[in-house]
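J.: Dumping the structure here so I can ask a few things about it.
Read the figures in this text as sums done on the coordinates, not as results from a lab. Not measured: the values here are computed from a predicted model. With ideal geometry, Cβ positions are generated from the backbone for all residues, glycine too; neighbour counts draw on all protein chains shown.
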2 protein chains.
Amino acid sequence: MFAIGQASRQSGVNIETIRYYEREGIVPAPGRSAAGRRLYSTEEIAMLRFVRRCRDLGFPISVIKTFLSLSGQDDRRCAEVKILADDHLSQISAKIETLTRLQDALANLSRNCDAGTAACPMLEALMQDGFGADEAG
Amino acid sequence: MFAIGQASRQSGVNIETIRYYEREGIVPAPGRSAAGRRLYSTEEIAMLRFVRRCRDLGFPISVIKTFLSLSGQDDRRCAEVKILADDHLSQISAKIETLTRLQDALANLSRNCDAGTAACPMLEALMQDGFGADEAG
DNA sequence: TCTAATTCCTGTAGCCACTACAGGAGCAAG
DNA sequence: CTTGCTCCTGTAGTGGCTACAGGAATTAGA
């Protein structure tokens with residue numbers, strides 16, 4: 001059995017985050033020593049590692065909870081897991097698309113700045129029908 | 001002068017968000033009617049629209065505050081704007097890279113599931129040195 | 001055996017950028 | 001005069017942590 005610090009080092013999950021997961025019922029509460037300190041088994045540490053891997057893949061906690069409940073079942077409900085994963089995958093793809101469009105838009109705005117004119121073309125573009133210094137002058 | 005609902009519709013900023021921006025000092029507090037209702041000028045609405053455009057481009061509020069303070073100045077400090085924008089741009093690029101790697105990893109995991117074996121290969125992979133049903137059996 | 005450093009405990013507050021109420025007041029149209 | 005819309009303030013919730021404060025226990029070394 002391991003103290004929380006060791007569990008943290010072995011699982012890669014921050015100590016405060018481990019306690020947070022316990023509070024939120026994402027992982028079950030471990031046993032305690034006589035003095036009230038948390039004691040983790042290797043299985044419990046593996047579970048923390050699992051949560052971390054899922055988080056690294058960007059899965060939200062709600063989905064990870066479902067994974068954990070499915071992982072207890074005999075066939076592990078592969079179809080359900082796949083649906084959740086593919087859904088997440090498409091969300092990631094959508095995010096990439098959005099960001100790529102942002103990237104383009106920003107790069108365009110930034111390029112205009114290279115001229116180095118007096119009034120910043122970037123702010124001008126963003127203001128368009130403005131509120132800036134132009135109004136006053 | 002326009003009530004907050006109209007300002008919201010014209011700027012594309014949610015009513016609650018407008019009040020939030022005011023509370024946080026992101027935009028100045030507008031005048032009020034005799035009954036205490038907010039009244040916005042077209043310049044103030046343009047400013048809300050500016051904030052929204054920046055948010056749409058993913059700029060954090062802190063940077064937008066800087067933009068707004070720079071936009072009051074005569075030369076609009078183009079160089080500073082450009083630095084902030086390019087910094088943001090590189091953060092976006094980094095995020096895209098991360099997500100693309102995630103996308104690959106997830107797609108790989110999901111592909112394995114197509115076999116439709118009894119134990120879900122995806123959960124297996126994520127558990128690896130596990131805590132799941134295997135332990136018990 | 002004492003001490004100092006480290007680890008652990010609980011509980012609360014903060015982060016970001018909103019969003020969603022509750023509970024009440026004003027205001028415009030029929 | 002009523003109905004329904006808009007507006008007000010203030011507070012709490014979202015997600016997923018992270019960072020304290022203030023105290024107790026454990027461990028390593030002298």
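J.: Take B:ALA34 and decide whether it is within 12 Å of DNA strand C (Cβ to nearest atom) and outside any helix (DSSP H, G or I).
T.: Yes: the conditions hold for B:ALA34.
J.: Considering only residues that are under 20 Å from B:ALA105 (Cα atoms) and facing chain B (nearest Cβ under 8 Å), look in the stretch A:57-70 and name the one that is nearest to DNA strand C (Cβ to nearest atom).
T.: Of everything passing the filter in the stretch A:57-70, A:GLY58 is nearest to DNA strand C (Cβ to nearest atom).
J.: Same structure, new question: For A:ILE96, state whether it is away from DNA strand D (no atom under 13 Å from the Cβ) and hydrophobic (A, V, I, L, M, F, W, C).
T.: Here the answer is yes, as A:ILE96 does meet what is asked.
J.: Now a separate question. In the stretch A:14-25, which residues are more than 8 Å from DNA strand D (Cβ to nearest atom) and either surrounded by 15 or more Cβ atoms within 10 Å (Cβ to Cβ) or among the aromatic types (Phe, Trp, Tyr) (or both)?
T.: Hits for the stretch A:14-25 are A:ILE18, A:GLU22.
J.: Considering only the stretch A:48-58, state which residues are of a type in the set (A, V, I, L, M, F, W, C) and in contact (Cβ under 8 Å) with a residue 24 or more places away in the chain. Break it down stepwise before answering.
T.: Of all residues in the stretch A:48-58, those of a type in the set (A, V, I, L, M, F, W, C) come to A:48, A:50-51, A:54, A:57.
Selection gives A:LEU48, A:VAL51, A:LEU57.
J.: Can A:ILE45 be described as in a helix (DSSP H, G or I) and touching a strand residue (DSSP E or B) at 6+ places or on another chain (Cβ under 8 Å)? I'd like the intermediate steps shown before the answer.
T.: Details: in a helix (DSSP H, G or I): yes; touching a strand residue (DSSP E or B) at 6+ places or on another chain (Cβ under 8 Å): yes.
Yes; evaluated as a whole, the condition is true for this residue.
J.: Find the residue count for the stretch A:28-56, including only residues that are surrounded by 19 or more Cβ atoms within 10 Å (Cβ to Cβ) and more than 13 Å from chain B (Cβ to nearest Cβ).
T.: Total meeting the criteria: 1.
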